[in-house]
Amino acid sequence: MTFHCEGGEVTRWRLDRQLLSDGCRGPAGEGDVRVEPTADQGRGAGVRIELFGMPGPAGRSHGVLHIAAADVTAFLATAHEVVPPGAEQICLDELVAACLGDSESPFGEHAA
């Protein structure tokens, strides 16, 4: 997930299926990405995704997303149909770039 902020700052986060799945059942994640189930009044079960960015002159960027739990569950079911758990491929070039701190890596600096 990528956000373009004021002043040209770009903030990237990586959300994987396991983090979303864990976050549907209880608090999950640490660092810049955290996911937890919620019970919104009158709206049913939800999932709260909290994203933290890098500190900057105006402070640390921060965003919170609230998504219906049924939508997250449906997304995960579809994702698992398309790519079964354990069948994911890893591009070694991207992994090495992420480990070396390459800001152009799709994993970015905010990998979960």
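The values are calculated or read from the model by the stated rules, or taken from the named source; none is laboratory data. Quick caveat, the model's predicted, so the values are computed rather than measured. Glycine also receives a Cβ, built like all others from the backbone with ideal geometry; neighbour counts cover every protein chain displayed.
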- request: Would you be able to say whether some residue in the stretch 25-41 is touching a residue at least 60 places away in the same chain (Cβ under 8 Å), under 24 Å from A98 (Cα atoms), under 15 Å from the mean Cα position of the chain (by Cα) and not in a loop (DSSP other than H, G, I, E, B)?
  value: yes
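Take the residues in the stretch 47-59 that are in contact with a strand residue (DSSP E or B) (Cβ under 6 Å, 6 or more places away or on another chain) and under 14 Å from F3 (Cα atoms); name whichever of them is surrounded by the most Cβ atoms within 10 Å (Cβ to Cβ).
Narrowing the stretch 47-59 to residues in contact with a strand residue (DSSP E or B) (Cβ under 6 Å, 6 or more places away or on another chain): 47-53.
Now narrow it down to the ones that are under 14 Å from F3 (Cα atoms): 50-53.
Working: E50: 15, L51: 22, F52: 16, G53: 20.
Checked the stretch 47-59; the qualifying residue surrounded by the most Cβ atoms within 10 Å (Cβ to Cβ) is L51.
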query: In the stretch 5-24, what residues are within 24 Å of L95 (Cβ to Cβ), assigned to a loop (DSSP other than H, G, I, E, B) and either among the aliphatic types (A, V, I, L, M) or modelled with pLDDT under 80 (or both)?
result: L15
